[in-house]
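Okay, handing you the structure first.
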Amino acid sequence: MVPNIAVILTDARKHILWVNNDFTELTGYTLGEAIGRQPGRLLQGADTDPNDVRRIGQALSAQIPFKDEILNYRKNGEAYTCRLVIHPVFDAQHELCNFIAFEVDGDKVSDDELNIPLLDLDNKYSTSSLKGVEEVQLFLKLKHFLEKDQPYLDPNLTLKCTADHLHTNTKYLSQVVNHLSNHNFQYFINTFRVNEAKHKLLSDDYQHLTLYGIALQCGFKNKSTFYKVFKEITNLTPREFIMFHKNRNN
């Protein structure tokens, strides 16, 4: 079984630009909490070995790819062994522009399970044509588009019209969503619709609407799809979701 791999993209000064969902699962920190922070300052703690910190810092300064491990801390204060691979990324002028790191929980992953492509030290992450960074950049553009313009509220939103808006092609956009969200495009879009529905289901401003009325406002075409997708993503029906939050707040 391939382990969850936390991915961190930083700028040349090691400030976080993006993290994937596996990073949040591993550390407890969301993208919003991590962005702009330096991974070391965010994740290291009282018992982190200064020698490990120094060794990793030297490798970063040398701008070479490397493997290492270090004691990190989750948001809840729990310590864990972080096994990592970090690649420097250079632009067309051979200037350092990014670091990309792949991390796994060393307390849960055996050495045998670490033989996976993302943790191989090779040349594929060394230049500005880095496929991984290009994917991350497009994924960030997609997320910004979805969060700012809310195109998912249109039930007729398609992969093609989204790709056209982002000036890319459907094959590449589908690949990026698949790779960085671990889901297909339709499922990824539906997560935004479900999050919108969750907000409206709990808001007093929408209590005059039926569940289906809320579903229509969130980009779903019919009631059965709304119920199916909502439960698939939240493990609760819409009514169970409402009751859960009412009981929790009482």
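Rule-based calculations on the coordinates, nothing more; no lab input. Quantities reported herein were computed from a predicted structural model and do not represent experimental measurements. Cβ coordinates were reconstructed from backbone atoms using ideal geometry, including for glycine residues, and neighbour counts include every protein chain displayed.
Return the distance in nm (one decimal) between the two label points of a simple spin-label model at R239 and E69, each offset 7 Å from Cα along Cα→Cβ.
5.1
Straight distance only, please: which aspartates and glutamates reach the Cα of K75 with their own Cα at less than 12 Å, same-chain residues fewer than 8 apart left out?
Excluding near neighbours in sequence, the set is E25, E33.
May I ask you to compute the full-extension gain from R54 to E134, defined as 0.36 nm times their residue separation minus their alpha-carbon distance, rounded to one decimal in nm?
Gain in length upon complete extension: 25.8 nm.
Could I ask something else about it? From Cα pairs below 8 angstrom and at least 6 apart in sequence, can you work out the relative contact order of the chain, rounded to a whole percent?
Relative contact order here is 13 percent.
Quick one: length gained pulling D91 to S224 fully straight, 0.36 nm per residue minus the C-alpha distance?
Computed gain between D91 and S224 is 43.0 nm.
Please list the non-local residues whose amide H lies under 5 Å from the amide H of C82, H modeled 1.01 Å from N, same-chain partners needing a gap of 5 or more.
Hits under the 5 Å cutoff: I70, L71, N72, G106.
P(r) tail for the range 131-250, what percent of Cα pairs lie past 20 Å?
Distances greater than 20 Å cover 46 percent of the Cα pairs.
Further question: Determine the gain in length on full extension of the stretch E25-Y80; use 0.36 nm per residue of separation and subtract their C-alpha separation, reporting nm with one decimal.
Answer, rounded to one decimal: 18.5 nm.
Once you've got the Cα coordinates, tell me which of K148/K246; K141/K246; K14/K143; K108/K198; K141/K228; K141/K231 are over 25 Å apart.
Pairs exceeding 25 Å: K148/K246; K141/K246; K108/K198; K141/K228; K141/K231.
Moving on to the next point. Can you compute the FRET efficiency between D11 and T210 using 1/(1 + (r/R0)^6), with r the Cβ-Cβ distance and R0 = 35 Å? Round to the nearest 0.05.
0.15
Rounding to the nearest 10 and keeping the result within 0 to 90°, find how far the Cα-based axis of helix 185-202 lies from the longest principal axis of the chain.
60
Let me ask something additional. Quick one: work out Rg over Rh on the C-alpha atoms of the chain, Rh as Kirkwood radius.
1.02
Go ahead and estimate [θ] at 222 nm for the chain from helices alone: -39,500 (n - 2.57) per DSSP H run with n ≥ 4, summed, over the residue count, rounded to 500.
That comes out to -14000 deg cm²/dmol.
Using Cβ counts within 10 Å as a stand-in for footprinting exposure, how do H167, H199 rank, fewest first?
Sorted ascending by nearby Cβ count, the order is H167, H199.
Long-range amide H contacts for N20: which residues qualify at under 5 Å (H placed 1.01 Å from N, peptide plane, sequence gap of 5 or more or a different chain)?
HN-HN under 5 Å from N20: V7.
For K223, list the aspartates and glutamates whose Cα falls under 15 Å from its own Cα; do not include residues on the same chain fewer than 8 positions away.
Straight-distance partners of K223: E232.
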